[in-house]
Amino acid sequence: MSDRFEQLVSGLKARPSVDRLIPESELVEKLRRSEETGNPLRIKLGIDPSAPHLTLGHSIPLKKMRQFQDLGHTGVLVVGDFTRRIGDPSGRSSTRALMTQEDIEKNMSTYVEQAFKILDPERTEIRYNSEWLGKLTFADVISLTAKYTVARMLERDDFAKRFAGNLPISVLEFLYPLAQAYDSVAIHADVELGGADQLFNLLVGRDIQREYGQEPQAIMTVPLLIGTDGVRSMSQTVGNYVGIGESPSEMYGKILSIPDDLLHEYFFQLTDLDMSEADALIASSPRDAKRRLALEIVAHYHDEDLALAAQEEFDRIHIQHARPSDVPQVKIDRELLKDGNVIWVISLLQGSGLVKSRSEAKRLITQGGVRVNEERITSPDLELPFEPPMLIQVGKRSFAEAI
């Protein structure tokens, strides 16, 4: 018969689901000892500041951290501002591009606010790994690298494939798992959370903690959430993501775009709705299920009124085909106008701020994703009479009124 601490671990594994827990027996004993001593466990989660949004994919380990917090433990959110300068090679077939400190700081600026949509601020530490990694001397780095072998590094699947294929692996990339492992040493992690693709890095953390005389952390990984394209893991780089800090209307529209076969997983991992109710809804009407899912998620990160308003706005635009109720106005630089008061459609799109480059504008037009005054634009060479106000639509959810 299981004791109370084994039951606690079973509850932690339940929902959102856990991919791997290594080793479960150690976590049971850590929880038991924590209660006996009154010292809360330190639950670590690393966040890569490679893009400005935390996504619904991030929300799964964040929710897991919140479950530990609700049991009285301390969540330690480690923002990898230093390690992002290296670039995590997990799951990659080539070396990852490095980021500037300016780009990192820009992305990090809203991380805390977004994380606290899920975490308990009173039981959360926000740490930046530049605090300790930035202070290591070259002698310290040599000492760290001496604690792990190249042979062990090559056990990692992505490194092994690149090595076998004679593809380059930089020494810099070998440092990433060691740096992430040293994070666990620096904050004295008892448990580390991460996505399933982080398993190797988290296991390195256990070994490095032992080398520094610490009790190794337990490891809890969660499944990677498939993105809105229904194919690849949710990623801001790929663009198939829903940001937890995005506006209600943006969140609602993106969630409605997911394939039907993701509905069960999204309900299970991202909401608290009873799954018998969710599955019955999916079986009877995937369209209605998707609308319910979008309402549940938007209400969780904003509130119910804003979720309902987002649904009404979506219906207004995409079902009733009416003009959006709130469209930002953008003043177009008159130097973009040609003789005869006409404007090249590419210049109009760039001037509206809805595209970042001419190539993006041309690609969107070719894909049929641009409308001006509700008329689809079919040629990137088109010149239009400039007659403000002009309603510009890019994709399904981006609008601007050119004046």
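Out of (1) part of a loop (DSSP other than H, G, I, E, B); (2) under 21 Å from the mean Cα position of the chain (by Cα); (3) not charged (D, E, K, R), what's the single condition that is false for LEU45?
(1)
So which of GLN214, GLN236 is at pLDDT 95 or above, surrounded by fewer than 20 Cβ atoms within 10 Å (Cβ to Cβ) and of a type in the set (S, T, N, Q)? Even if it seems obvious, please write down each step before you answer.
Numbers: GLN236 fails: at pLDDT 95 or above.
Of the residues listed, the single one that is at pLDDT 95 or above, surrounded by fewer than 20 Cβ atoms within 10 Å (Cβ to Cβ) and of a type in the set (S, T, N, Q) is GLN214.
Taking GLY195 as meeting all but one of (1) closer than 19 Å to GLY80 by Cα; (2) outside the structural domain of ILE118 (by TED's automatic domain parsing); (3) in contact with a Leu (Cβ under 9 Å, 6 or more places away or on another chain); (4) not acidic (Asp, Glu), write down the number of the exception.
GLY195 satisfies every listed condition except (2).
Give ALA307, ALA278, ALA299 a once-over and let me know the one that is of a type in the set (Gly, Ala, Ser) and touching a Ser or Thr at 6+ places or on another chain (Cβ under 8 Å).
Working: ALA307 fails: touching a Ser or Thr at 6+ places or on another chain (Cβ under 8 Å); ALA299 fails: touching a Ser or Thr at 6+ places or on another chain (Cβ under 8 Å).
Unique residue meeting the criteria: ALA278.
Since ALA310 meets every condition but one in (1) more than 16 Å from SER398 (Cα to Cα); (2) modelled with pLDDT of 90 or more, which condition does it not meet?
(1)
When you go through (1) buried (at least 19 other Cβ atoms within 10 Å of the Cβ); (2) at pLDDT 95 or above one by one for ARG84, which number turns out not to apply?
Going through (1) buried (at least 19 other Cβ atoms within 10 Å of the Cβ); (2) at pLDDT 95 or above one by one, ARG84 breaks only (2).
For region 370-381, which residues satisfy the criterion of being surrounded by fewer than 16 Cβ atoms within 10 Å (Cβ to Cβ), assigned to a loop (DSSP other than H, G, I, E, B) and at negative phi?
Hits for region 370-381 are THR378, SER379, ASP381.
Can you name every residue in region 112-163 that is more than 18 Å from THR83 (Cβ to Cβ), of a type in the set (Lys, Arg) and either in contact with a strand residue (DSSP E or B) (Cβ under 6 Å, 6 or more places away or on another chain) or outside any helix (DSSP H, G or I) (or both)?
Matches in region 112-163: LYS117, ARG123.
So GLY91 fits all but one of (1) under 17 Å from the mean Cα position of the chain (by Cα); (2) part of a loop (DSSP other than H, G, I, E, B); (3) at pLDDT 85 or above; what number is the exception?
Of the numbered conditions (1) under 17 Å from the mean Cα position of the chain (by Cα); (2) part of a loop (DSSP other than H, G, I, E, B); (3) at pLDDT 85 or above, the odd one out for GLY91 is (3).
The values are calculated or read from the model by the stated rules, or taken from the named source; none is laboratory data. Computed from a predicted model, the values in this text were never measured in an experiment. FYI the Cβ positions are ideal-geometry reconstructions off the backbone, even for glycines, and counts take in every protein chain you see.
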